[in-house]
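Only one structure is covered here, and it is reproduced in the block below.
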Amino acid sequence: VVHRPLAGTAARLVGGLLRDWQVRNREASLPVAVEHLRTAGNLENLQLAAAGAKTGHQGPAFMDSDIYKTLEAAGWELGQTADERLATFAGEAAALLQRAQLADGYLNSYIQVSGQPRYAHLERSHELYCAGHLIQAGIAHARAIGTTRLLEVAQRFADQLAETFLGASGGPDGHPIVESALVELYRQLGDSRYLHLAQQFIDQRGHGLVGDYYGFGRRYLQDHLPVRGAATVTGHAVRALYLEAGVADVAAEARDAGLLASSITRWDDMVATKTAITGGNGSRHDGESFGDAYELPPDRAYNETCAAIASFQWSWRLLLATGHSKYADLMERLLYNGLAAAVSAGGREFFYVNPLQRRTGHFEGDDPGRRHGWFTCACCPPNLMRLLASLHHYLATTAGDGLYVHLFAGAQMEADAAGGRFAVEMDTSYPWQGEIRLRVTHAPSRPCGLAVRRPGWAGSTAATLNGEPVSLTADEHGYLLIRRCWQPGDTLVLSLPVRPALAFPHRRIDALRGTVALVRGPLVYCFEQADQPPDVNLEDLAVIPGTALCDPQTTIPGIGQTIAIETSAVVLPQEASPGGLPYRDSPCQAAEPGDQASPGVAGDRPAVTTRAIPYFQWDNRDRGAMRVWVPVHDTRPQGSDHSQACPRRGG
Ligand SMILES: [Zn+2]
C-alpha cells in the first residue's frame, strides 16, 4: 500500500503536547538560532562570499547548512503563523544567498571564501550536503508560503550539480542528504535529472569513490559495501541514516523494489539490535557511530539528536512506501523520547548527545551531560527546529480511499476523497492519556476509509464508533480501518492502555543485564537524583519488581505539569571489598539470608519510594545523576558457600 502525504496545509496541530512543542519552537527556539547565525559567523561568511572576499571564513565547512535548516524551519512556521521577526530573517537571508550565489549557480561560502577548489574534497567539504539543505529550505518556502526566491537559488545550484556530476565520475559527498533533497526537488519541479543524480550518488557508494575522512575508514562513510549488499547500518549514524532516507526516496520514485527491500532489511536489523529504548542510535562516541549488534551502553550512548531526526525521516519514507505501522511506531518512540529530550523545557538549550545515564560528577569533552545554547558544530539545534516546525506533516497520510492517522494529537486534518472533502478533527490528551477521539466534520458523498494506528506498545486496544464497540478484525498493517459512508458528527474513539509498566532489555544487551526501565504508553521514563528521598543516592537504588506502579499527576518547578511514576526500591548498602577493588567473591546485590522471594519484601532493608519522570523532561533542574535503566533488586536468598566440587575428568 503506497501512502501519500497530505497537502501542505491539510493538517494542523491545534492542541496538546505536540502543539505546545511547535509553539515553543517558534517563540523560544527559532530566535536562539537566528541570534547565533548572526553572532557565530554563519551569515557573515555569506556576506564575505557575496563581496568576493578570499579570507575570513569562520567555523566548520558546513556553516551554511545551519542557515538553511533555520530557513527551512522558518518556512514551515511562516506557513502556519505570521511572525514578523522570522519573516524579516527569511527575507534578509534569501537576499544574501542571491548575492552570494555565483553566476553558474554554485554557492558555498566555505569554498568561495577560502579559495579552495570546488568538489576537490567531497569526503570532507560538505558542498553537496550544504546544497541538500539549501534545496530542502527552498522547497519548504515554496510549499508552505508560496514564495520561490529561495527555491530558485536552490534550483540554479541543483542545475549546476547536474551539469557537473550527472554521468561523470565525481561524487558522492562524504555526508549524504543531497540524495533525498534531489528527489524532493524532482517531486517539486518534475525535472528527472535530479532523480537520476540522486540515483547515481547512491549507486556510487561502496566502490571506494568517497575518499578518506581523516582516517575513519570506508565504513564510517558507508562506502565499504554497495548499498544493496549491506545487511546492517554502519559507521557515522547521521550519515548512514540520511543515506537511507535518500535510498527509500529513490526506491519509491524509481520503483526499485530491490533497493527498497535492502533498506527495509537494514531498518529491521537496526531496530532489533542497534536502537536505544528512546529510539536513539549511535552507541559510540568514536566516529559518532553505530556499534556492534546489542552494543547499547546507557552511559556511553551517543544518540546524536541529528541521528534521531534522520531515523524519523527514514521511517517516514518507509511508512509511505509500505503503509506498515511499525515505521510510525518508531517515529512515535523517537518523537516523545529521543527527540523531545533534545530541547529544554524552556526551548532555549539543546542536547547534541542524548545518553541514557548521567553519573554523579560526569565529565566528558564531547558530552558535558547538559544542554547548551549552541555548539561550534551546531548541526543539531536547527535540525530539531525544522522537524518540530513541520511536525503536522507527519500526523496522517492518504492511501487508496482512506485517511490514515499515524500520530495522536489535538489536530485538524483533511483529504480529497472521491465524492468530496473528508475532514476529521482529532481530540486527545495523548501521550498522557490513551483516549483518541476522531470526529468527522465534513464527509464525502461516497464511502471512504478512516484508519487509525494501533501502536505496537499497546497490547490491547478498544474502539467505539458512535458509542458502539467496533470489531478490531478490520486491522490492516497495524491500523484499525473502517470503510463506510461517513456522516458529519460520526465519532471514532480509540482507547489505548496508557499505564505504567516495566520494560526489560534483550538478554544480549550486556550493558543492561539485571536492569529494568519504566514506561507509560509511548513515554520512556528516567530517574533523576532530584526526585529521590533525602539522603538516598540514586546510584544505590534497586527497584523491587512486582511492587505497585503509581502514576500521580504533579507539577515540578523547572518542568511544569507531568505524570510521574512511583514504585518501591531498596537502598543497597556500601560494599566492602578485599583490597579495595570493586570486586568480591560473592554477588554484590544478593539479599541477606532469610529474605523471602516475594514481591514487596526486601529483607531487613527499608524499602523507599522512588520516583521517575518522562525522559524528555530530564536535565531541567540540576546536574545530578540520571538513569533510565535501574538495577532490579534480587530477592533470591543468598547461599553462604559458592564452591562446588569439580566433576572428575576422564572416565
Ligand atoms: Zn547533529
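Screening region 302-321 for residues that are over 13 Å from residue 267 (Cβ atoms) and within 15 Å of the ligand (Cβ to nearest atom) and picking the one that is surrounded by the most Cβ atoms within 10 Å (Cβ to Cβ) gives 308. Checked against the criteria, residue 292 counts as outside any helix (DSSP H, G or I), without any contact (Cβ under 8 Å) to a residue 60 or more places away in the chain and away from the ligand (no atom under 16 Å from the Cβ).
Checked against the criteria, residue 363 does not count as surrounded by fewer than 18 Cβ atoms within 10 Å (Cβ to Cβ), part of a loop (DSSP other than H, G, I, E, B) and within 16 Å of the ligand (Cβ to nearest atom).
Residue 279 falls short on exactly one of the conditions (1) within 16 Å of the ligand (Cβ to nearest atom); (2) of a type outside the set (Val, Ile, Thr); (3) under 19 Å from residue 221 (Cα atoms); (4) not in a helix (DSSP H, G or I), and that condition is (3). Is one or more of the residues making up region 59-68 free of Cβ contacts under 8 Å to residues at least 24 places away in the same chain and surrounded by fewer than 19 Cβ atoms within 10 Å (Cβ to Cβ)? Within region 59-68, not a single residue is free of Cβ contacts under 8 Å to residues at least 24 places away in the same chain and surrounded by fewer than 19 Cβ atoms within 10 Å (Cβ to Cβ). Please pick out the residue among 112, 101, 136 that is out of contact with any strand residue (DSSP E or B) (no Cβ under 7 Å at 6 or more places or on another chain), over 20 Å from residue 7 (Cβ atoms), touching a residue at least 60 places away in the same chain (Cβ under 8 Å) and of a type in the set (S, T, N, Q). The unique qualifying residue is 112.
Residue 458 meets all of the listed conditions (1) hydrophobic (A, V, I, L, M, F, W, C); (2) surrounded by 14 or more Cβ atoms within 10 Å (Cβ to Cβ); (3) in contact with a strand residue (DSSP E or B) (Cβ under 8 Å, 6 or more places away or on another chain) but one, namely (3).
Annotation: of all residues in region 107-130 being more than 33 Å from the chain's Cα centre (by Cα) and among the polar types (S, T, N, Q), the one that is nearest to residue 67 (Cα to Cα) is 112. In this structure, does residue 391 turn out to be hydrophobic (A, V, I, L, M, F, W, C) and either more than 14 Å from residue 313 (Cα to Cα) or buried (at least 23 other Cβ atoms within 10 Å of the Cβ) (or both)? Taking the combined requirement at face value, the residue does not satisfy it. The residue list 203, 212, 159 contains one member that is surrounded by fewer than 19 Cβ atoms within 10 Å (Cβ to Cβ), over 24 Å from residue 7 (Cβ atoms) and touching an Asp or Glu at 6+ places or on another chain (Cβ under 7 Å), which is 212. When each of 342, 328 is tested for being within 13 Å of the ligand (Cβ to nearest atom) and buried (at least 22 other Cβ atoms within 10 Å of the Cβ), the lone residue that passes is 342. Cβ-Cβ contacts under 7 Å between residues 6 or more apart (or on different chains), taken from a first residue in region 377-403 that is under 20 Å from residue 342 (Cβ atoms) to a second residue that is within 12 Å of the ligand (Cβ to nearest atom) and part of a strand (DSSP E or B), are listed as 380/350; 381/350; 384/350.
Suppose the filter is among the polar types (S, T, N, Q), more than 17 Å from the chain's Cα centre (by Cα) and over 22 Å from residue 244 (Cα atoms); does residue 322 pass it? Criteria not met by residue 322.
Computed from the coordinates by the stated procedures, all read-outs in this text should not be read as laboratory data. Model, not experiment: these values are computed from the prediction. Virtual Cβ from ideal backbone geometry, glycine too; neighbours counted across all protein chains shown.
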